[in-house]
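Take a look at the structure below.
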Amino acid sequence: MLTRFVLLVLGCWLIPQSLLGQELSFPTAEWKTVAADEIGWDAKKLDEAIEFAFERRTTSLVILHGGRILAERHESLENPERRYRGTFKGENDLGHVKEDVASVQKSIVSFLTGVAIEKGLLKLEDRVDKHLGVGWSKARPQAEANIKIRHLLTMTSGLNPRLQAIAPAGKRWQYNSTVYGRTLRCLEKASGMSANELTSAWLLDRIGMKDSKWQPRVKLAASTDANDMGFVTTARDLARFGLLIQARGEWGGESILGEKAYLTQALNSSQELNPAYGFLWWLNGKESLLRQGKTLEGPMIKSAPDDLVAALGALGRKCYVVPSQNLVVTRLGDLSESNGQESFNDGFWRRLMLAIPKTR
C-alpha cells in the first residue's frame, strides 16, 4: 500500500510544471478546441459517454484535454425537481446555466486555504478558536481548543453537525458540511476580506472565472447541515479551476498557488480513517473509503484511472481531474442517479475510458 501511494504521488501529482506547461493550453477569454480524431480518441465512443451524461439530467458537460475543449454540451432541463430549482441561478451571456454547485465548493475552499497559508495568514496547525474566538462550537473548552484548521479540512473535527463533540479531534472521520463551513469563516477573519473579495482576488480574477461568485442561500430552519453561502459557477468556469489543479497551481506561467507541498497534501490521503479523502477533495485509487458512515471497498470509481481526484456536490455536480489522461471533466445538472441505477461515476467513466486510445 505504501509503495503504491509513493508511486502515485511521484507519477501524477509531483510532475514538474516545466513538463506540464508543454502540454497544457490556458484559456483567456476564448478557449482553444481539439477534435477527438486529432488525439486518437474514438469519436463515437466519446459521443456515447456524453449521451449517457445527458440521459442523467445533465445541464452542462465540459471535457478538457490538455486545457483545450474536447467536447461540451449545454441543455435546459424539462420539469426540473424542486431541489434543482433552488440551485439554478440563471444563465450567462452564452446561455450556459449557472448553478450553486453544492459541496464542490469545498475543493474551492481547500485551494483558497492553501493561498492563505502561502500568504502567512494562517497555518494548518492553528487552533480554530484563534480565528473564530472561543465558543465557536458547542464542545467543552478543552475539546474545542484541540480542533485545528487541519481537522476542518480533513473532516476529523470530532464534532457532529450541531457542533457538539462526539469524539476527540483527529480520531473520527465524519463528513460534516456545518463544521467545514467554518473554514471559509476562518479565511475571512484571517484575511480581513469577505468571501467574495478574497475568492476574486486569489482565484477568480486571476484565471478568468468571470461567471462565479459566492451567493447567500435561503436558510432552512430544519437544516443543521447547510452552509450559509453557496458557490455559483458554470461548467466552463469550473473547468478552469480543474485545469489550475491539473497544472499544480500554475496558470499560463503565473503562480496562483506556489505552496506545492500544500497541494500535494490536499490531493492525497490526509488521514488514515478515510484514505479516499484529502483536504476537501475526494480521491480515487484507494483500497477503501468512507461514505455515509459506511466503510466501502475501493476504489471510489472502479472504472476511472487511479489518479483521479474529484470535487463532488449534491445532485451529481462534478469536477474531475485526471493528470495521467490529461483530462478535466465538469458536470452540472439535476440528480444524476436514482435507486437501482448504475452510479453516474462508474457509468460515465466506463464509457469515457472506451473512447481513450490504449497506450502500448
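Whether any residue in region 280-300 is assigned to a helix (DSSP H, G or I), out of contact with any Asp or Glu (no Cβ under 6 Å at 6 or more places or on another chain) and surrounded by fewer than 23 Cβ atoms within 10 Å (Cβ to Cβ) is what I want to check.
There is no residue in region 280-300 that is assigned to a helix (DSSP H, G or I), out of contact with any Asp or Glu (no Cβ under 6 Å at 6 or more places or on another chain) and surrounded by fewer than 23 Cβ atoms within 10 Å (Cβ to Cβ).
Yes or no, residue by residue, for (1) in a helix (DSSP H, G or I); (2) within 18 Å of Ala266 (Cα to Cα); (3) touching a residue at least 40 places away in the same chain (Cβ under 8 Å); (4) open to solvent by 60 Å² or more (accessible area, probe 1.4 Å):
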| residue | (1), (2), (3), (4) |
| --- | --- |
| Glu125 | no, yes, no, yes |
| Gln142 | yes, no, no, yes |
| Ala169 | no, no, no, no |
| Arg172 | no, no, yes, yes |
| Cys186 | yes, yes, yes, no |
| Ala190 | yes, no, yes, no |
| Arg206 | yes, no, yes, yes |
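Please pick out the residue among Asp225, Asp211 that is of a type outside the set (A, V, I, L, M, F, W, C) and modelled with pLDDT under 95.
It is Asp225.
When you look at Asn339, is it open to solvent by 10 Å² or more (accessible area, probe 1.4 Å), of a type in the set (S, T, N, Q) and assigned to a loop (DSSP other than H, G, I, E, B), yes or no?
For Asn339, the condition - open to solvent by 10 Å² or more (accessible area, probe 1.4 Å), of a type in the set (S, T, N, Q) and assigned to a loop (DSSP other than H, G, I, E, B) - is met.
Please go through region 29-42 and give me each residue that is part of a loop (DSSP other than H, G, I, E, B) and open to solvent by 100 Å² or more (accessible area, probe 1.4 Å), ordered by number.
Glu30, Lys32
Being open to solvent by 10 Å² or more (accessible area, probe 1.4 Å), within 17 Å of Gly114 (Cβ to Cβ) and either of a type in the set (Gly, Ala, Ser) or in a helix (DSSP H, G or I) (or both) is the filter here, so list the residues in region 241-268 that pass it.
Scanning region 241-268 gives Ser255, Gly258, Lys260, Ala261, Thr264, Gln265.
Looking at region 95-105, which of the residues that are assigned to a loop (DSSP other than H, G, I, E, B) and in contact (Cβ under 8 Å) with a residue 40 or more places away in the chain is least open to solvent (accessible area, probe 1.4 Å)?
Filtering first and then ranking leaves Val101.
Results for (1) of a type in the set (A, V, I, L, M, F, W, C); (2) in contact with a Lys or Arg (Cβ under 6 Å, 6 or more places away or on another chain); (3) farther than 22 Å from Leu263 by Cβ, shown as yes or no for each residue.
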| site | (1), (2), (3) |
| --- | --- |
| Gln105 | no, no, no |
| Phe111 | yes, no, no |
| Leu121 | yes, no, no |
| Lys130 | no, no, yes |
| Lys138 | no, no, yes |
| Arg172 | no, no, yes |
| Thr183 | no, no, no |
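When you go through Ile108, Ile117 one by one, which is the residue that is open to solvent by 20 Å² or more (accessible area, probe 1.4 Å), touching a residue at least 40 places away in the same chain (Cβ under 8 Å) and not in a loop (DSSP other than H, G, I, E, B)?
Ile117
Out of all the residues in region 309-321, is one or more out of contact with any Ser or Thr (no Cβ under 7 Å at 6 or more places or on another chain) and open to solvent by 40 Å² or more (accessible area, probe 1.4 Å)?
No, region 309-321 contains no residue that is out of contact with any Ser or Thr (no Cβ under 7 Å at 6 or more places or on another chain) and open to solvent by 40 Å² or more (accessible area, probe 1.4 Å).
In this structure, is Phe54 farther than 17 Å from Lys210 by Cβ, open to solvent by 20 Å² or more (accessible area, probe 1.4 Å) and assigned to a helix (DSSP H, G or I)?
yes
Which residue, of Lys130, Lys89, is open to solvent by 40 Å² or more (accessible area, probe 1.4 Å), over 28 Å from Val329 (Cα atoms) and basic (Lys, Arg)?
Answer to the check: Lys130.
Looking at (1) on the phi > 0 side of the Ramachandran plot; (2) touching a Lys or Arg at 6+ places or on another chain (Cβ under 9 Å), which is the only condition Gly230 fails?
(1)
Is one or more of the residues making up region 210-225 among the aliphatic types (A, V, I, L, M) and buried (at least 17 other Cβ atoms within 10 Å of the Cβ)?
no
The values are calculated or read from the model by the stated rules, or taken from the named source; none is laboratory data. Note that the structure is a prediction, hence the values are computed from the model and not measured. Positions of Cβ are generated from backbone atoms using ideal geometry, with glycine treated the same way; all protein chains shown enter the neighbour counts. We work out accessible area using only protein heavy atoms, side chains counted, and drop any ligands, DNA or RNA first. Shrake-Rupley method; radii C 1.70, N 1.55, O 1.52, S 1.80 Å.
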